[in-house]
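The block underneath contains the structure these notes are about, expressed in structure tokens.
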Amino acid sequence: MSAHMSKHIVMLAYVALVAVTACTPPAPGRPGLNAPSSPWPAASVAAANDAPHILAVHFSNLSVNVGDTWTGKIATTTNVASVEVRTESFTINVPRKSFGQFVFRIHILDLPPFLQRTYTLRVIARNASGQSDEEDFPLSFGGVSASPR
């Protein structure tokens with residue numbers, strides 16, 4: 001086999017690999033899908049010094065209005081010490097129900113006009129040593145349309 005032909009075979013193999021990778025759907029329950037996994041994933045066991053990982057995220061809605069009850073749940077590895085859901089305007093320290101399972105429920109009583117807009121909602125999972133895993137979601141408050149990112 002000539003060197004020229006070998007280069008073409010390697011290039012074709014690379015293109016095929018990239019095409020297959022691009023067509024592979026994300027794993028069920030991976031963050032960013034905002035769909036509840038069925039069944040909801042159990043926490044994945046991890047040592048204290050391992051990097052933390054977000055396994056799944058679900059919010060009841062990504063467009064929230066006055067009077068709504070907004071809920072969220074996050075599944076993580078067992079070494080996650082805290083989960084924070086935040087924008088540039090607010091922060092929620094999500095309570096831990098059990099190792100690797102975090103849940104919040106908030107009733108939206110009021111949304112002042114200056115808070116009625118679209119945000120980037122960041123979910124941050126941290127272990128005890130401060131290492132983190134993060135996922136972003138579009139969120140709108142007060143009827144403002146959130147465009148997917």
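Nothing in this text is a laboratory measurement; each read-out follows from the coordinates by a stated rule. Every value quoted in this text rests on a predicted model; they were computed, and no experiment measured them. A quick note on method: Cβ atoms are made from the backbone with ideal geometry, for glycine too, and the neighbour counts reach across all protein chains shown.
Working out 0.36 nm times the residue gap between D68 and A51, then minus their Cα-Cα distance, what length gain in nm do you get to one decimal? Don't skip to the end; give the middle numbers.
Numbers: separation 17, 0.36 × 17 = 6.12 nm, distance 3.48 nm.
Full extension from D68 to A51 adds 2.6 nm.
With the convex hull drawn around the C-alpha atoms of region 54-141, the volume per residue stands at 81 Å³. Close amide H contacts of G142 (hydrogens built in the peptide plane, cut-off under 5 Å, sequence separation of 5 or more or a different chain): V64, N65, V66.
Test of the criteria: in region 55-94, which chymotrypsin sites (Phe, Trp or Tyr not before Pro) are in a DSSP loop and have at most 13 other Cβ atoms within 10 angstrom of their Cβ?
Working: sites: F59, W70, F90; in loops: F90.
Passing both the DSSP loop test and the Cβ count: F90.
I want to make sure I understand the PRE zone here: with the label point 7 angstrom from the Cα of K97 toward its beta carbon, which residues in region 103-140 have backbone N atoms less than 14 Å away? The answer is 103-106, whose backbone nitrogens lie closer than 14 Å to the label point. Distances between placed amide hydrogens fall under 5 Å for A56 paired with A75, all partners being 5 or more residues away or on another chain.
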